[in-house]
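Below is one structure, written out as structure tokens; the observations come after it.
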């Protein structure tokens, strides 16, 4: 997530939006703010989708959506987070330094955010014996 965040932060011309480091951040400008909004939206969606990975940490369960509606509080929190995030992006304006983005930009953000799910599944596919080679993963006892 960190690598993707840095790439997005310093990427040039995402959806015709200028590169972040060349923008004057002292004033609210919809064009200048769009890049930061896309970055913010993707960052939050990466975290949101990672919550699905963290629901059950057993390595034998590859599908992070297993028993999704078993915990009503988890479902409520996910829905609440999605509603608040969408509201901040679309209606936050100058208060939150966000600019409304198009449907294509929302779909782009969702696709990149969903990458957290894919990375979580790939990590679970790595055999535990692989981690034994690194001292940082060994049990200290």
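The values are calculated or read from the model by the stated rules, or taken from the named source; none is laboratory data. These numbers come from a predicted model, not from an experiment. Cβ atoms come from the backbone with ideal geometry, glycine included; neighbour counts cover every protein chain shown.
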**Message:** Need a quick list: helices (runs of 4 or more DSSP H) entirely within the stretch 81-139 having at least 2 residues that are modelled with pLDDT of 80 or more, within 16 Å of residue 47 (Cα to Cα) and within 16 Å of the chain's Cα centre (by Cα).
**Reply:** 103-125
**Asked** All but one of (1) closer than 27 Å to residue 38 by Cβ; (2) at pLDDT below 90; (3) in contact with a helix residue (DSSP H, G or I) (Cβ under 6 Å, 6 or more places away or on another chain) hold for residue 62; which doesn't?
**Response** (1)
**Message:** Which pairs turn up if I take residues in the stretch 52-64 that are farther than 16 Å from residue 78 by Cβ and look for partners that are loosely packed, with under 12 Cβ neighbours inside 10 Å and modelled with pLDDT under 85 with beta carbon separation below 8 Å, at least 6 apart in sequence or on another chain?
**Reply:** 59/128
**Request:** Answer yes or no as to whether residue 122 is within 19 Å of residue 7 (Cβ to Cβ) and in contact (Cβ under 8 Å) with a residue 12 or more places away in the chain.
**Result:** no
**Asked** What number goes with the only condition from (1) outside any helix (DSSP H, G or I); (2) in contact (Cβ under 8 Å) with a residue 60 or more places away in the chain that residue 38 does not pass?
**Response** (1)
**Prompt:** Which ones in the stretch 66-80 are surrounded by 13 or more Cβ atoms within 10 Å (Cβ to Cβ) and either at pLDDT 90 or above or touching a helix residue (DSSP H, G or I) at 6+ places or on another chain (Cβ under 7 Å) (or both)?
**Reply:** 74, 77, 78
